[in-house]
Amino acid sequence: MSRDFSKVRRVVVKVGTATLAKGAGIDRDYVAALAEQLVGLRKRGCQVLLVTSGAIGLGAGELGLTERPSDIRMRQACAAIGQPVLMHEYKRAFGAHGVPVGQILLTNDVLSDRAGYLNLRQTVETLLGLGGIPVFNENDTISIAEISKAFGDNDRLSALVASKVDADLLVILSDIDALYDKDPRKFPDARKISIVEKITPEILEGAGAAGSTFSTGGMRTKIRAVLIAEKGGCTTVLAHGREPEVVTRILSGEELGTVFLAKPRMKNRLRWILNSLPQGRLTIDDGALEALLRHKSLLPRGVTAVDGEFDKGSVVLVNEAVKLVTKFSSEELRQLAGKDSLQVAQILGRKDVIARPEDIVFLDTGLTLGLPD
Ligand code: GLU
């Protein structure tokens with residue numbers, strides 16, 4: 001049964017700013033109720049990781065600002081002020097149950113860096129082993145890209161965390177209660193979709209179309225998050241955060257929100273490639289792209305342009321369609337681009353390819369050219 005979560009052993013819960021807020025501050029009762037539910041899950045043998053937003057909003061509240069600041073530096077300063085306030089509330093709420101919380105602030109590049117990720121993973125495991133709850137947020141004070149985006153990205157962060165720690169379930173709590181078959185504000189007969197087995201082009205389009213209320217950025221970032229989580233073998237549930245006892249009820253199989261079923265877990269390395277920030281770009285010709293689709297390696301001959309500066313071993317984006325780990329630096333690639341195997345062998349003193357199939361991932365489907373698990 002697809003709403004049977006009795007076997008879930010590791011869950012990531014993401015809670016959004018609007019859900020946590022009360023006026024200019026934080027809703028202490030809400031945080032207490034959430035903590036109680038999460039502690040309840042732990043008692044049932046399920047490890048819990050929390051991803052929280054709210055730092056900027058709380059910081060703005062502390063400063064007595066009447067509006068959420070739009071200036072980047074101001075937002076970062078607000079995050080710096082709001083983050084400890086946020087943690088203080090979690091410490092109080094979980095502390096009431098004798099459960100320690102550990103703050104983990106992340107940036108995109110940390111998650112893209114393999115060594116950084118391995119470190120992170122060990123810290124998280126240790127924290128969980130100590131019976132603690134890791135509480136994640138983006139390190140907004142130094143991470144400009146995230147907070148300057150129109151659509152907040154803690155949805156993405158939560159999916160990346162879920163994927164990195166091999167969670168079985170991601171619960172995204174926000175003011176969006178479910179996915180609908182059409183815009184519920186325009187169509188009174190719009191129906192909630194309880195279970196999504198596969199994200200179809202229609203769902204993607206619905207979530208991304210401009211001007212439709214049903215498809216606000218909120219839903220778009222959530223669907224993107226689902227796409228990240230599902231490849232990690234993680235099911236996602238979107239639900240309204242203010243529904244009483246929402247997490248407990250979802251875990252016990254109640255039909256709340258929308259469930260997006262996981263896909264078979266993609267290999268770690270391929271997930272890392274897929275979810276990494278590309279360090280540069282390559283353009284390749286149609287023949288080379290077709291060869292990749294036929295599970296072949298990428299050869300220097302097919303490369304027509306190299307953008308950016310990167311080292312060998314970096315993840316690069318190819319024709320906006322593929323990510324791969326390049327065996328050559330940008331400097332070497334500029335020398336090798338367009339050269340046939342013989343010329344490559346002359347330049348390098350050996351034969352080599354840019355990337356082998358097991359280091360190549362197609363973005364649209366997450367289809368990998370490597371061998372299946
Ligand atoms: N990291 C931001 C904050 O704590 C929120 C980003 C988001 O909600 O996506 O305020």
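The values are calculated or read from the model by the stated rules, or taken from the named source; none is laboratory data. Fair warning: this is a prediction, and the values are worked out from it, not measured in the lab. Reconstructed Cβ throughout: ideal geometry from the backbone, glycine too, with neighbour counts over all protein chains shown.
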Which residues, counting only those in region 30-69, are within 25 Å of the chain's Cα centre (by Cα), more than 14 Å from the ligand (Cβ to nearest atom) and at positive phi? G45
Filtering region 294-327 down to residues that are surrounded by fewer than 22 Cβ atoms within 10 Å (Cβ to Cβ) and touching a residue at least 60 places away in the same chain (Cβ under 8 Å) yields H295, K296, S297
If you take the residues in region 131-174 that are within 11 Å of the ligand (Cβ to nearest atom) and of a type in the set (K, R), which one is modelled with the highest pLDDT? R156
Checking the conditions here, which among E125, E89 is away from the ligand (no atom under 16 Å from the Cβ) and either at pLDDT 95 or above or of a type in the set (D, E, K, R) (or both)? E125
Note on E243: of the conditions (1) in contact with a Ser or Thr (Cβ under 8 Å, 6 or more places away or on another chain); (2) of a type in the set (D, E); (3) modelled with pLDDT of 90 or more; (4) not in a helix (DSSP H, G or I), unmet is (1)
Would you be able to say whether some residue in region 23-31 is β-branched (V, I, T), surrounded by 16 or more Cβ atoms within 10 Å (Cβ to Cβ), in contact with a His (Cβ under 8 Å, 6 or more places away or on another chain) and modelled with pLDDT of 95 or more? no
Looking at this structure, is A337 surrounded by 14 or more Cβ atoms within 10 Å (Cβ to Cβ), touching a Gly at 6+ places or on another chain (Cβ under 8 Å) and among the small types (G, A, S)? no
Given (1) touching an Asp or Glu at 6+ places or on another chain (Cβ under 7 Å); (2) of a type outside the set (D, E); (3) under 16 Å from D359 (Cβ atoms), index of the condition L261 fails: (3)
Quick one: what pairs do we get from region 48-72, first residue over 21 Å from A159 (Cα atoms) and among the aliphatic types (A, V, I, L, M), second within 14 Å of the ligand (Cβ to nearest atom) and in a loop (DSSP other than H, G, I, E, B), C-beta under 8 Å, 6+ apart or different chains? A60/A24; A60/R68; A60/P69
With the structure loaded, tell me whether S112 is modelled with pLDDT under 95, more than 18 Å from T19 (Cβ to Cβ) and within 12 Å of the ligand (Cβ to nearest atom) or whether it fails that test. no
Is there any pair linking a residue in region 186-201 that is under 13 Å from T235 (Cα atoms) to one that is assigned to a strand (DSSP E or B) and not aromatic (F, W, Y), with Cβ under 6 Å and at least six apart or on different chains, and which? I195/V259
Could you tell me which of the residues V259, V237, V246 is in contact with a Gly (Cβ under 6 Å, 6 or more places away or on another chain), over 30 Å from E320 (Cβ atoms) and surrounded by 20 or more Cβ atoms within 10 Å (Cβ to Cβ)? V237
Identity of the residue in region 246-286, among the aliphatic types (A, V, I, L, M) and part of a loop (DSSP other than H, G, I, E, B), that ends up farthest from E36 (Cα to Cα): L277
Working only within region 93-109, note down all residues that are within 22 Å of I26 (Cα to Cα) and either modelled with pLDDT under 85 or more than 16 Å from the ligand (Cβ to nearest atom) (or both). A93, F94, G95, A96, H97, G98, V99, P100, G102
Only residues that are farther than 27 Å from K231 by Cα and surrounded by 14 or more Cβ atoms within 10 Å (Cβ to Cβ): list them for region 179-197, please. D183, P184, A190
When residues of region 268-293 are limited to those that are surrounded by 16 or more Cβ atoms within 10 Å (Cβ to Cβ) and basic (K, R), the one farthest from R224 (Cα to Cα): R281
